[in-house]
Ligand code: ZN
Ligand code: ZN
């Protein structure tokens, strides 16, 4: 990535937006340790370690970053260094929690920590700030992170194209006589070759294993006629995630599977077409669920339709019954209905979609018709 791409993916305005949101939420400060929130706000990809690294966003002051002295050069060299925020290094014998507590506004009563902060760090902050209450920063930050900028959508589009390249090659590896684990290893290598910096997950669920939505891999040997659910994803170097599922058949599958697959394809296609500003998450969920239910498979679609995606594979907005959240341009999420017949087989089709000003854009563009590989 060049400098322009970094500054458009991680613009300095985000810190001010987070400060304003902190103020509006009635919080005194946000405390953000390494993870997707820190990367979103500063571009700094730090490892979560026992030593504290923490971005502090006071509601009424300048944000600053506190890092172990030995990591100060890395922090300064990251995109965070270009944001012009103060970076304070602390020595091995310093207490960074007390240091942050001293720099927070006098009378701090309510602070919020990132949702994935380690419990030991939260407890240390609570001890350093007696009398102050802790809340979750996710309530403030997820609202910002949910609405992707054009640069973020472009990053997700690149991630989508990368995982599509892997799906197009599945026939090279998915054959009768190989185990799920063997196939998954080849896929993992290809995920890296296709332009991801890391592999997040590889699900190869053959035959009856396909009926378990989060089956990963096993030593089951793939047989002729097996439907195989392949759900794969990785993270690209700029931090954005891919996630796409296709269900393949290795040789001609049972007729009952083809019937099920046609229903699923109809549901998933209808849902991706229904993406538009203003539709609520529960309405979008129902578009596919109703089709699957009318075909008699309702009790076998056992999970929500999808999850938001960005710097994390699973984030807001969740496309789930009961969510009245209206979709807005820039929201990116998976559309992944599935039908699972316990002990028999299952199928899932998953694309990442982005809500645009006028409708939706799919970021995964491999074919959705059942691919029957040589058996
Ligand atoms: Zn997936
Ligand atoms: Zn997914």
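The values are calculated or read from the model by the stated rules, or taken from the named source; none is laboratory data. Nothing here was measured: the structure is a model prediction, and the numbers come from that model. Don't worry about glycine lacking a Cβ; one is built from the backbone with ideal geometry, like all the others, and counts go over all protein chains shown.
When the stretch 191-212 is examined, which residues are found to be over 27 Å from residue 153 (Cβ atoms) and within 13 Å of ligand 1 (Cβ to nearest atom)?
Residues of the stretch 191-212 over 27 Å from residue 153 (Cβ atoms): 204-212.
Listed by number, the residues that qualify are 204, 205.
Out of (1) surrounded by 16 or more Cβ atoms within 10 Å (Cβ to Cβ); (2) out of contact with any strand residue (DSSP E or B) (no Cβ under 6 Å at 6 or more places or on another chain), what's the single condition that is false for residue 123?
(1)
Within the group 281, 326, which residue is surrounded by 22 or more Cβ atoms within 10 Å (Cβ to Cβ), more than 16 Å from ligand 1 (Cβ to nearest atom), more than 28 Å from residue 226 (Cα to Cα) and touching a residue at least 40 places away in the same chain (Cβ under 8 Å)? Walk me through it before giving the result.
On the way: 326 fails: surrounded by 22 or more Cβ atoms within 10 Å (Cβ to Cβ).
Result of the check over 281, 326: 281.
Do any residues in the stretch 229-248 that are under 17 Å from residue 363 (Cα atoms) and not assigned by TED's automatic domain parsing to the domain that holds residue 338 have Cβ atoms under 8 Å from those of residues that are at pLDDT 95 or above and within 12 Å of ligand 2 (Cβ to nearest atom), where the two are at least six apart or on different chains, and which pairs are they?
From the stretch 229-248, no pairs qualify.
Within the stretch 225-238, track down each residue that is in contact with a strand residue (DSSP E or B) (Cβ under 6 Å, 6 or more places away or on another chain) and more than 12 Å from ligand 1 (Cβ to nearest atom).
The answer is 226, 227, 228, 235.
What do you reckon, is residue 217 in a loop (DSSP other than H, G, I, E, B), surrounded by 17 or more Cβ atoms within 10 Å (Cβ to Cβ) and either within 21 Å of the chain's Cα centre (by Cα) or away from ligand 2 (no atom under 16 Å from the Cβ) (or both)? Break it down into steps so the answer makes sense when it comes.
On the way: in a loop (DSSP other than H, G, I, E, B): yes; surrounded by 17 or more Cβ atoms within 10 Å (Cβ to Cβ): yes; either within 21 Å of the chain's Cα centre (by Cα) or away from ligand 2 (no atom under 16 Å from the Cβ) (or both): yes.
So residue 217 fits the description; yes.
Results for (1) crowded, with 23+ Cβ neighbours inside 10 Å; (2) in contact with a strand residue (DSSP E or B) (Cβ under 6 Å, 6 or more places away or on another chain), shown as yes or no for each residue.
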site: 240; (1), (2): yes, no
site: 245; (1), (2): yes, yes
site: 251; (1), (2): no, no
site: 259; (1), (2): no, no
site: 286; (1), (2): no, no
site: 319; (1), (2): yes, yes
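Each row is one residue, and each column tells you yes or no for (1) in a loop (DSSP other than H, G, I, E, B); (2) over 14 Å from residue 206 (Cβ atoms); (3) under 23 Å from the mean Cα position of the chain (by Cα).
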position: 228; (1), (2), (3): no, no, no
position: 232; (1), (2), (3): no, yes, yes
position: 239; (1), (2), (3): yes, yes, yes
position: 248; (1), (2), (3): no, no, no
position: 253; (1), (2), (3): yes, no, no
position: 256; (1), (2), (3): no, yes, no
position: 260; (1), (2), (3): no, yes, no
position: 263; (1), (2), (3): no, yes, no
position: 268; (1), (2), (3): no, yes, yes
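For residue 51, indicate whether it is assigned by TED's automatic domain parsing to the domain that holds residue 113 and either at pLDDT below 95 or part of a helix (DSSP H, G or I) (or both). It would help to see each step written out before you state the result.
Working: assigned by TED's automatic domain parsing to the domain that holds residue 113: yes; either at pLDDT below 95 or part of a helix (DSSP H, G or I) (or both): no.
The answer is no for residue 51.
Scan the stretch 290-305 and tell me whether some residue there is within 29 Å of residue 149 (Cβ to Cβ), away from ligand 1 (no atom under 16 Å from the Cβ) and surrounded by fewer than 19 Cβ atoms within 10 Å (Cβ to Cβ).
no
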